[in-house]
Amino acid sequence: MKNIFLILLVTILLYSCEEPVHLDVSQGETRVVIEGQVTNVAGYQYVKVSQSGGFYDTGKPTRITDADVVIKDDAGNEYPFVHNPGKLADSVGYYLPVTPFTGEVGRTYFLQVIVNEQLYEAKDKLYAVTNIDSLAYRIDDDEKEDPKDYQKFYEVLIYAKEPQDTKDYYMFKFFRNDSLKVYNDTEIYFSDDETIGEDIDGISTPIYFAPGDMARCEIYSLSREAFVFYSDLQSLLNSDGGLFSQPPSNSRNNLTNGALGFFQASSVHAKEIEIKE
Amino acid sequence: MIKNFLVLIFILYATVLWSQEKVTLNGYVKDVDNGEELIGVTVYIPELKAGAVTNAYGFYSITVPKGTYEVQYSYLGYKFQSVKMEMSQNIAHNVELKTEATVIEEVVVTDKRIDENVVSLQMSKNTLDLNQVRKLPALFGEVDILKNIQMLPGVITAGEGTSSFYVRGGSADQNLILNDEAPIYDPSHLFGLFSVFNADVIKDSELYKGGIPARFGGRLSSILEVRTKDGNNKKLNVAGGIGSMASRVMVEGPIIKEKSSFIISARRSYIDLFLKAADQDNLVHFYDINAKVNWKTNNKNRFFAAFYAGRDVFNFSDEFGFAWGNRTGTFRWNHLFNERLFSNTSLIVSNFDYKLELEDPVQGFKWLSNLQEVSIKNDLSYFINTNHELTFGYHITGRRFSPGRITPNSEGSFFKEVELQHMYALDHAFYISDQYNISDKLSLDVGLRLSIFQNVGKSDVYLYEDPKDNINITRTDTIHYGAWRNIKTYINLEPRAGLRYMIAEGQSAKISYNRMVQNTHLIAAGTVPVPFNTWNPSGYYLEPQLADQVAVGYFRNFENNKYEFSAEAYYKDIKNVTDFADNADIFFNEDLSTEFRQGKAWAYGIELMVNKTQGKLTGSVGYTLSKAMRKIPGVNLDKSFAANYDRRHVANIQAAYDMNDRWTFGATFTFSSGRPITLPTGKFEYQNYQPDVISERNGYRLPAFHRLDLSATYTPKKNANRRWKGQWVFSVYNAYNRKNPFTIYTRITKNDDGDTIGDGYTKEARMIYLFPILPSVTYNFKF
């Protein structure tokens, strides 16, 4: 619903023009940014540590490579993480478990990160997620008229059942040939189940595909805290400067000590389909 | 208690009254051409240095010792009239005044000064002169009173293209906007490009910014009272206009000559028709309909029935659409109990609703929300003598808030029907106020309003482990309240006072105090309210908002009232101002109460204004220096911050020049300091997103806003002898094409096609400018 402001802004934009402007703002103090994920899928566990930069900084934000990272659970297990064990150039700042593990539904996970002798902590509970029953696809006529990406105008349809007796929060990720896609770089695909009935019969993806593409849809369970975090993040990414929407503010998160980012525990279920003409 | 108090006051005044044998002169003052009752006409008896002013229904009453007097009737823009009257008994005397325009060939000697602004007890009030407003430039040529209200000293706008206004440091929802006494909950068309007020039917509009009379209540910062025309009761008239955005037509005339009349008017925008012609699927339009009838059974009873309906409809590709609108109805009965006791009883209904709809086999839904209100008001004026005018009354209002209902609109939709619970409120108000002329120099107005507000069932109130925790919302209990069961009652006394001291002829000083209480709260967290915002009553979690305002002013007229000068200073203190937690979820939230944050607000400022009301060149220059702050626990880390609508300097110049019978020119210049804005002080990376880091709310300012608008009105000469009278209005909005900042947003650096350029990490800030230079032509007609 917060998207209503986007529509509003678009309506207003019918009469307006815009151009880049240089903000003469003082840079705030640098803050530690933590992005952590524990799931019930092997190989999906990681923690990324970086730091915030100036608004006009170019290039990748500075990654922190010398943090101490450990994840624990409420069963007393402890999983130490190590920085970029594969020494991959694109994985600087990423920490992976020394011994691979998978998260379990119902467990609560605790993250501890130490950067420059400062301790940052977070916890999140791993909830169950409903399964994607099946996928289908069809041509989207509007997109076909004016495709955002060349020839990509097939949308994938998702079929699932929403359990009505639990309060659930979801996030979706869409992959085109193993590459994570968003339609617009300020969009996050997440939802609560407040207004959703049991039968989800062919809800369409916001990402479009071409024949030959492999489409992958992942559904994640979110805790209430994670839902709040993504909801805030979406408002922040789409803020209109506080004209119709609330003045922008940082996302509420589950990290202590003023760190930005989020530590998320999720169940993941995925389905793939190949698009054919 | 209140009843006894009233009786006591009556006895008190009755004794004052009977001490001398007195008679009462009363009646209505009307416009001779169309029979419209005139509001605010000064009735003055020089020998007694006593006077009265016609009320909202054109009625006046003045009680004097027996004798023969000269009675003067004067009103700005009208020919002065003087009558010699022998008053040996009570007299009903209706007066018809001629406009100066209709007597242009005669020599008009206005020897009586029109110095209402100086003499009147009321301060901090602005009346819009519609004739003047019409001479000034208007956006797309559509005359809009709200855009003119935004030009008044002490009034601030959020930016061009919005209908919202901010009075003396109050937020947009702290203004009570009344259309023929019925509240308008959202006055915008096209998100504020235009307002719901069609200038063709407006008779009078007044903005009270301070010293608010006791008969008004319910909002903290201002009352905008708009009254529509009653309709010409002498002859049939048709008027209209064809503009670049909208066209309008108005018909008025007598039903029974001099006894009853009607007026009906309609306006519709037609951008959608052009878009349709251009084969565009995105359709947008709005319309307004005003209708009114009135009839007079005799000099003692008069009835009015007024109706308004307006709506905006947006449709995008036949798939997504939304709409909103107001409907109001007012039925009024003016009754004269006797020469001195005037009563008005009104039955008022108001409805605001909005709708959002997505047509889709799987994701389709319909979302409805509305607010309904019914009220009965009884207002009495007792003109005791020339020194005392007592007004008192009782208002009762019932409101039903339906914040939202979502229903699936197709068989296969994954939505289920969900409805937020309704809320109900009952609002009683008793008030009394006395305007007391202590001496020639000193007048006093003291009033008291008692407001009793009840949030009633049927409703469920949720109790929370921590009512302020909007992340982990844990309900501990639910209290069920049956229909009409009292959930919470708030009783507040609202004292009002004003004092006017005549320093010398044409010079006065005034001071006023008012306390206002607001029990309906707009659920809007941005600067400019949108039609999709809902309202909540005070209740279990929301406390009434309270404002205390003190204002002082100096008023002076120069050169036989050709120039009016005023200087006012005010301080306003607000308790329990309603705000929302950072990142509040205010749409369709069952636990909305966890987002409420109430705190303090304070505002102060100085307003200067010079008005030139006569001559070929007329206009005004206004300047406001002001500050508006807020401190809300739970917002901005509990630190105080500038309110979204805080603007340090605002200056407005309006001028109209009547060159000759054919040409009139108008110009408007506006300047204001930039709006506060929250800007990023950094950015970070999370997954593939590059969000901003925010440090302080409203810590920066947009660049200053300034704009010049010009207009020229051409009335062809041949009009004089024809029934058909036409008029061309040419206007240029933003004449020097200033790029005025509307807002700033940030994004990953992209090219004009919206494709990311650079490394995908670099961000840019973009300023949105609303209107470039915009010429427009409007043709108005009358026959």
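The values are calculated or read from the model by the stated rules, or taken from the named source; none is laboratory data. Quantities reported herein were computed from a predicted structural model and do not represent experimental measurements. Quick reminder, even Gly has a Cβ in these numbers, built from the backbone with ideal geometry, and neighbours come from all protein chains shown.
Would you check if there is a residue in region B:361-379 being aromatic (Phe, Trp, Tyr), under 24 Å from B:Arg311 (Cβ atoms) and within 14 Å of chain A (Cβ to nearest Cβ)?
In the first step, residues of region B:361-379 are kept if they are aromatic (Phe, Trp, Tyr); the result is B:365, B:367.
Checking the rest, the ones that are also under 24 Å from B:Arg311 (Cβ atoms) come to B:365, B:367.
Now narrow it down to the ones that are within 14 Å of chain A (Cβ to nearest Cβ): B:365, B:367.
Checked against the condition, which is being aromatic (Phe, Trp, Tyr), under 24 Å from B:Arg311 (Cβ atoms) and within 14 Å of chain A (Cβ to nearest Cβ), region B:361-379 yields at least one hit.
Restrict the check to region B:261-278 and report whether at least one residue is in contact with a Ser or Thr (Cβ under 6 Å, 6 or more places away or on another chain) and either in a strand (DSSP E or B) or not β-branched (Val, Ile, Thr) (or both). Before the answer, list the steps.
Start the filter on region B:261-278 by keeping residues that are in contact with a Ser or Thr (Cβ under 6 Å, 6 or more places away or on another chain), which leaves none.
Within region B:261-278 (the criterion being in contact with a Ser or Thr (Cβ under 6 Å, 6 or more places away or on another chain) and either in a strand (DSSP E or B) or not β-branched (Val, Ile, Thr) (or both)), the answer is no, since none of the residues qualifies.
Against the conditions (1) in contact (Cβ under 8 Å) with a residue 60 or more places away in the chain; (2) touching a Gly at 6+ places or on another chain (Cβ under 6 Å); (3) more than 17 Å from B:Pro183 (Cα to Cα), where does B:Lys229 fall short? Just the number, please.
It is condition (2) that B:Lys229 fails.
Only one of these is in a helix (DSSP H, G or I) and at pLDDT below 95: A:Ser204, A:Ser245, A:Ser235. Name it.
A:Ser235
Show me the strands (runs of 3 or more DSSP E) entirely contained within region B:700-781 in which 3 or more residues are more than 8 Å from chain A (Cβ to nearest Cβ) and of a type outside the set (A, V, I, L, M, F, W, C). Before you say what the answer is, go through the steps one by one.
Values: elements: B:705-714, B:725-733, B:741-748, B:763-769.
Those strands (runs of 3 or more DSSP E) span B:705-714, B:725-733.
Are any residues in region A:40-60 within 14 Å of chain B (Cβ to nearest Cβ) and buried (at least 21 other Cβ atoms within 10 Å of the Cβ), and if so, which ones? Even if it seems obvious, please write down each step before you answer.
Of region A:40-60, the ones within 14 Å of chain B (Cβ to nearest Cβ) are A:44, A:46-60.
Of everything in region A:40-60, those that are within 14 Å of chain B (Cβ to nearest Cβ) and buried (at least 21 other Cβ atoms within 10 Å of the Cβ) turn out to be A:Val47, A:Lys48, A:Val49, A:Ser50, A:Ser52, A:Gly53, A:Phe55.
May I ask you to say which residue of B:Arg647, B:Arg723, B:Arg675, B:Arg697 is touching a residue at least 60 places away in the same chain (Cβ under 8 Å), of a type in the set (Lys, Arg), at negative phi and in contact with a Leu (Cβ under 6 Å, 6 or more places away or on another chain)? Working first, answer last.
Numbers: B:Arg647 fails: in contact with a Leu (Cβ under 6 Å, 6 or more places away or on another chain); B:Arg723 fails: in contact with a Leu (Cβ under 6 Å, 6 or more places away or on another chain); B:Arg697 fails: in contact with a Leu (Cβ under 6 Å, 6 or more places away or on another chain).
Being touching a residue at least 60 places away in the same chain (Cβ under 8 Å), of a type in the set (Lys, Arg), at negative phi and in contact with a Leu (Cβ under 6 Å, 6 or more places away or on another chain) holds for just one of B:Arg647, B:Arg723, B:Arg675, B:Arg697, which is B:Arg675.
Considering only residues that are free of Cβ contacts under 8 Å to residues at least 40 places away in the same chain, within 14 Å of chain B (Cβ to nearest Cβ) and part of a loop (DSSP other than H, G, I, E, B), which ones fall in region A:61-77?
Those that are free of Cβ contacts under 8 Å to residues at least 40 places away in the same chain, within 14 Å of chain B (Cβ to nearest Cβ) and part of a loop (DSSP other than H, G, I, E, B): A:Pro61, A:Thr62.
If I filter region A:214-224 down to residues being surrounded by 21 or more Cβ atoms within 10 Å (Cβ to Cβ) and not polar (S, T, N, Q), which single residue comes out as farthest from the chain's Cα centre (by Cα)?
A:Ala215
Take the residues in region A:94-126 that are among the aromatic types (Phe, Trp, Tyr) and in contact (Cβ under 8 Å) with a residue 60 or more places away in the chain, then tell me which one is surrounded by the most Cβ atoms within 10 Å (Cβ to Cβ).
If we filter region A:94-126 for residues that are among the aromatic types (Phe, Trp, Tyr), which is where we start, we get A:94-95, A:101, A:109-110, A:120.
Add one more test, that the residue is in contact (Cβ under 8 Å) with a residue 60 or more places away in the chain, and what stays is A:109, A:120.
On the way: A:Tyr109: 24, A:Tyr120: 22.
The residue in question is A:Tyr109.
Give the residue that is modelled with the lowest pLDDT, with candidates limited to residues of region B:133-158 that are within 14 Å of chain A (Cβ to nearest Cβ) and surrounded by fewer than 24 Cβ atoms within 10 Å (Cβ to Cβ).
B:Phe140
Please give the number of the condition B:Leu178 fails out of (1) under 18 Å from B:Ile289 (Cα atoms); (2) over 10 Å from the mean Cα position of the chain (by Cα); (3) surrounded by fewer than 24 Cβ atoms within 10 Å (Cβ to Cβ).
(2)
Scan region B:407-414 and tell me whether some residue there is in contact with a strand residue (DSSP E or B) (Cβ under 7 Å, 6 or more places away or on another chain), part of a loop (DSSP other than H, G, I, E, B) and crowded, with 20+ Cβ neighbours inside 10 Å.
yes
Report, by residue number, each residue of region B:183-230 that is aliphatic (A, V, I, L, M) and part of a strand (DSSP E or B).
B:Ile202, B:Leu207, B:Ile223, B:Leu224, B:Val226
If B:Lys234 passes every condition in (1) within 23 Å of B:Val249 (Cβ to Cβ); (2) of a type in the set (D, E, K, R); (3) assigned to a strand (DSSP E or B) but one, which one does it miss?
Result: B:Lys234 passes all but (3).
To keep it simple, each residue is scored yes or no on (1) away from every other protein chain (no Cβ under 13 Å); (2) of a type in the set (Phe, Trp, Tyr); (3) under 23 Å from the mean Cα position of the chain (by Cα).
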| site | (1), (2), (3) |
| --- | --- |
| B:Ser381 | yes, no, no |
| B:Phe414 | no, yes, no |
| B:Leu448 | yes, no, yes |
| B:Ser451 | yes, no, yes |
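What number of residues in region B:715-736 are loosely packed, with under 14 Cβ neighbours inside 10 Å and not hydrophobic (A, V, I, L, M, F, W, C)?
Adding up the residues that qualify gives 7.
Scan region A:127-143 and give yes if some residue there is in a loop (DSSP other than H, G, I, E, B), aromatic (Phe, Trp, Tyr) and surrounded by 14 or more Cβ atoms within 10 Å (Cβ to Cβ), otherwise no.
First, the residues of region A:127-143 that are in a loop (DSSP other than H, G, I, E, B): A:127-131, A:140.
Keeping just the survivors that are aromatic (Phe, Trp, Tyr) gives A:127.
Restricting the remaining residues to those that are surrounded by 14 or more Cβ atoms within 10 Å (Cβ to Cβ) gives A:127.
Scanning region A:127-143 turns up at least one residue that is in a loop (DSSP other than H, G, I, E, B), aromatic (Phe, Trp, Tyr) and surrounded by 14 or more Cβ atoms within 10 Å (Cβ to Cβ).
If I ask for residues that are within 14 Å of chain A (Cβ to nearest Cβ), surrounded by fewer than 22 Cβ atoms within 10 Å (Cβ to Cβ) and among the aliphatic types (A, V, I, L, M), which ones from region B:645-698 would you list?
Within region B:645-698, just B:Ile694 meets the criteria.
Go through (1) of a type outside the set (Asp, Glu); (2) closer than 13 Å to B:Leu390 by Cα; (3) crowded, with 18+ Cβ neighbours inside 10 Å and name the single condition B:Phe430 misses.
Of the numbered conditions (1) of a type outside the set (Asp, Glu); (2) closer than 13 Å to B:Leu390 by Cα; (3) crowded, with 18+ Cβ neighbours inside 10 Å, the odd one out for B:Phe430 is (2).
Let me confirm something: among B:Val29, B:Val71, B:Val64, B:Val23, which residue is at pLDDT below 90, farther than 30 Å from B:Leu450 by Cα and touching a strand residue (DSSP E or B) at 6+ places or on another chain (Cβ under 6 Å)? Walk me through how you get there before you give the answer.
Values: B:Val29 fails: at pLDDT below 90; B:Val71 fails: at pLDDT below 90; B:Val64 fails: touching a strand residue (DSSP E or B) at 6+ places or on another chain (Cβ under 6 Å).
Going through B:Val29, B:Val71, B:Val64, B:Val23 in turn, just one is at pLDDT below 90, farther than 30 Å from B:Leu450 by Cα and touching a strand residue (DSSP E or B) at 6+ places or on another chain (Cβ under 6 Å): B:Val23.
Do we have B:Lys612 as more than 26 Å from the chain's Cα centre (by Cα) and surrounded by fewer than 21 Cβ atoms within 10 Å (Cβ to Cβ) here?
Working: more than 26 Å from the chain's Cα centre (by Cα): no; surrounded by fewer than 21 Cβ atoms within 10 Å (Cβ to Cβ): yes.
No.
Please enumerate the residues belonging to region A:171-192 that are of a type outside the set (S, T, N, Q) and not in a strand (DSSP E or B).
Residues of region A:171-192 that are of a type outside the set (S, T, N, Q), as a first pass: A:171-176, A:178, A:180-183, A:185, A:187-190, A:192.
Within region A:171-192, A:Asp178, A:Val182, A:Tyr183, A:Asp185, A:Glu187, A:Ile188, A:Tyr189 meet the criteria.
I'm checking my understanding of the structure. Among residues of region B:416-425 that are assigned to a loop (DSSP other than H, G, I, E, B) and surrounded by 17 or more Cβ atoms within 10 Å (Cβ to Cβ), which one is farthest from the other protein chains (Cβ to nearest Cβ)? I'd like the intermediate steps shown before the answer.
Going through region B:416-425, the residues assigned to a loop (DSSP other than H, G, I, E, B) turn out to be B:416-417, B:420-422.
Within this subset, residues satisfying the condition of being surrounded by 17 or more Cβ atoms within 10 Å (Cβ to Cβ) are B:416, B:420.
On the way: B:Lys416: 4, B:Leu420: 10 Å.
Ranking the candidates gives B:Leu420 first.
Do you know which of the residues in region B:145-178 that are part of a strand (DSSP E or B) and touching a Lys or Arg at 6+ places or on another chain (Cβ under 8 Å) is nearest to B:Lys377 (Cα to Cα)? So that I can check it myself, show each step before the final result.
Taking region B:145-178 and keeping what is part of a strand (DSSP E or B), we get B:155-157, B:165-167, B:175-178.
Filter once more, so that each one left must be touching a Lys or Arg at 6+ places or on another chain (Cβ under 8 Å): B:155-156, B:167, B:175-176.
Values: B:Val155: 29, B:Ile156: 31, B:Val167: 26, B:Asn175: 19, B:Leu176: 16 Å.
The selected residue is B:Leu176.
Give the number of residues within region B:326-360 that are within 14 Å of another protein chain (Cβ to nearest Cβ) and part of a strand (DSSP E or B).
At the first step, the residues of region B:326-360 found to be within 14 Å of another protein chain (Cβ to nearest Cβ) are B:354-360.
Then drop every residue that is not part of a strand (DSSP E or B), which leaves B:354-358.
The number of residues fulfilling the criteria is 5.
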